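The values are calculated or read from the model by the stated rules, or taken from the named source; none is laboratory data. Worth saying up front: this structure is predicted, and the values here are computed from it rather than measured. Cβ atoms come from the backbone with ideal geometry, glycine included; neighbour counts cover every protein chain shown. These accessible areas exclude ligands, DNA and RNA; they are computed on the full protein's heavy atoms, side chains included. Shrake-Rupley method; radii C 1.70, N 1.55, O 1.52, S 1.80 Å.
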Amino acid sequence: MAKSGTPFTLGVASGEPLPDGVVLWTRLAPDPLNAKRPGGMPDRTVSVRWQLAEDRGFARVVQSGTAAARPDWAHSVHVRVAGLRPGTEYFYRFSVDGHVSPVGRTKTAPAPDSADTVRFCFASCQRYEHGHFTALRHLADELPDVVLHLGDYIYEYGKPKQPRPGRYVRPLESEAECTTLAAYRRRYARYHMDPDLQAAHAAAPWITLPDDHEVRDNWAGTLPGNGGSPSAFLNRRAAAFRAYYEHLPLRVRPTGPDLRNFRLRPYGRAVDFMIVDARQHRSGPDMLGREQEEWLISKMKTSTARWKVLAQAVFFARRRFPNGASSADAWDGFPDSRARVLAEAPDGLVVLSGDVHNNWACDLRADWADPESAALGVEFVGTSVTSMPPDTDAKAILELNPHIGFFDGHRGYVSCTASMDDFSADYRVVDYVDRRGAPVSTVAAFRVEKNRLRRIDL
Ligand SMILES: [Fe+2]
């Protein structure tokens, strides 16, 4: 790309909505995949103009300013806008040196006393080389109030020596696995150049949570997952989290290898989103770490919202496999932690998860073995945007686990509506991702009734 080209090649984004504010994001990158200088930018701070308006044409600008894009943060821009009206749609854009960015739409969270219905989508697992982000294009078309991304925003892998069929549909920027800050930055640039991902960010504010592949496969706590030394791993985690921050509209920066992901995002009287990090604080048999677990339980106990939406990355309900195995990387590997959370389950508990690249829906029960035991809430497990699913004997798993009520093997996302009376989840799917343009359809829909799943006839 020419030196005089637009620096807004990676799109715009917003996130972390509060009733009075939102974070606006972009990153200057006239030559996004440049291997020598990140984004092809000069090694100096650049001042970027931003505007926020009530209308898409920017006739009614309500706030504007300048923000510093610094080379040590890859010329990313994070503007923490405050003083806005609750539950209100806004539009934003950036400009620098005569170049104007695309326009983004965002929306603040409802006021604490608002009884407004909340419409949100959640998604996870978007492996670039596995296909096109068509699902995110359809998600964008819904113009939700907010999008939750539950992890595997990028994959760190390089190109396999002999990719299996359908598993290298689009070329990455490099055939090597990401381990350094420079490599993670180029991987995020590769992803953010995708027009469907850009559309989804420009359509709504996002709340994001990393899982394992933002760093490396199956890492946990201070351990790299597949062998290797913890100290080298923490350096890698610091690089990975820094690049994650540089490419997403977060409120907080990482400090070295630490990034505080657990947080409450209240959405009026209808929803409290409780964002939980089920990876970074793992220690021995403990999934959440003491501080986070105490935080979560106190939030569940004190929340007065109709729906307590616990958003996290990995399968929560018990899931037995026909060969007797269970997933050690999910909550099945941490049954005592799960039992402590469920012991405090409030009325209106809805767990959201991803990670497994298939759609599932579960009842959460006081006794997994007893279908008549108390209903403690529900779990909606969303499929991947593109990542290929594992071989799954779904019929056998459904038979072995009577609390699991639904399986589907498409790619897609989940679209939810939470009102003072009702919670519904629509599983939105596409038939293919190896080429663009797949239409979207709803493969199943559920309501929550008395803390149980109820399937809706389509
Ligand atoms: Fe994944």
Does Ser373 qualify as being open to solvent by less than 40 Å² (accessible area, probe 1.4 Å), within 19 Å of Val443 (Cβ to Cβ), in contact with an Asp or Glu (Cβ under 9 Å, 6 or more places away or on another chain) and part of a loop (DSSP other than H, G, I, E, B)? no
For the stretch 44-76, enumerate the residues that are within 18 Å of Leu250 (Cα to Cα), open to solvent by less than 60 Å² (accessible area, probe 1.4 Å) and in a loop (DSSP other than H, G, I, E, B). Ala74, His75
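Consider Arg37 carefully, then state whether it is under 30 Å from Thr383 (Cα atoms) and surrounded by fewer than 19 Cβ atoms within 10 Å (Cβ to Cβ).
Numbers: under 30 Å from Thr383 (Cα atoms): no; surrounded by fewer than 19 Cβ atoms within 10 Å (Cβ to Cβ): yes.
So Arg37 does not fit the description; no.
Taking the stretch 342-379, which residues are more than 16 Å from the ligand (Cβ to nearest atom) and farther than 21 Å from Glu293 by Cα?
If we filter the stretch 342-379 for residues that are more than 16 Å from the ligand (Cβ to nearest atom), which is where we start, we get 342-351, 361-379.
Across the stretch 342-379, the qualifying residues are Ala361, Cys362, Asp363, Asp367, Trp368, Ala369, Asp370, Pro371, Glu372, Ser373, Ala374, Ala375.
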Every listed condition ((1) within 16 Å of the ligand (Cβ to nearest atom); (2) modelled with pLDDT of 95 or more; (3) part of a loop (DSSP other than H, G, I, E, B); (4) closer than 27 Å to Asp286 by Cβ) holds for Ser384 save (4)
Within the stretch 309-327, is there a residue that is in contact with a helix residue (DSSP H, G or I) (Cβ under 8 Å, 6 or more places away or on another chain), open to solvent by 40 Å² or more (accessible area, probe 1.4 Å) and under 21 Å from Arg455 (Cβ atoms)? yes
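Taking Val79 as the residue in question, decide whether it is β-branched (Val, Ile, Thr) and open to solvent by 60 Å² or more (accessible area, probe 1.4 Å).
Numbers: β-branched (Val, Ile, Thr): yes; open to solvent by 60 Å² or more (accessible area, probe 1.4 Å): no.
No: the conditions fail for Val79.
Please count how many residues of the stretch 267-288 are surrounded by 18 or more Cβ atoms within 10 Å (Cβ to Cβ), over 17 Å from the mean Cα position of the chain (by Cα) and not aromatic (Phe, Trp, Tyr). Talk me through it step by step, then tell me what you get.
Of the stretch 267-288, the ones surrounded by 18 or more Cβ atoms within 10 Å (Cβ to Cβ) are 267-282, 287-288.
If we keep only those that are over 17 Å from the mean Cα position of the chain (by Cα) too, we end up with 267-271, 281-282, 287-288.
Narrowing the set further to residues that are not aromatic (Phe, Trp, Tyr) leaves 268-271, 281-282, 287-288.
Result for the stretch 267-288: 8.
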So, in the stretch 158-191, how many residues would count as being open to solvent by 60 Å² or more (accessible area, probe 1.4 Å) and either among the aromatic types (Phe, Trp, Tyr) or farther than 21 Å from Ala239 by Cα (or both)? 5
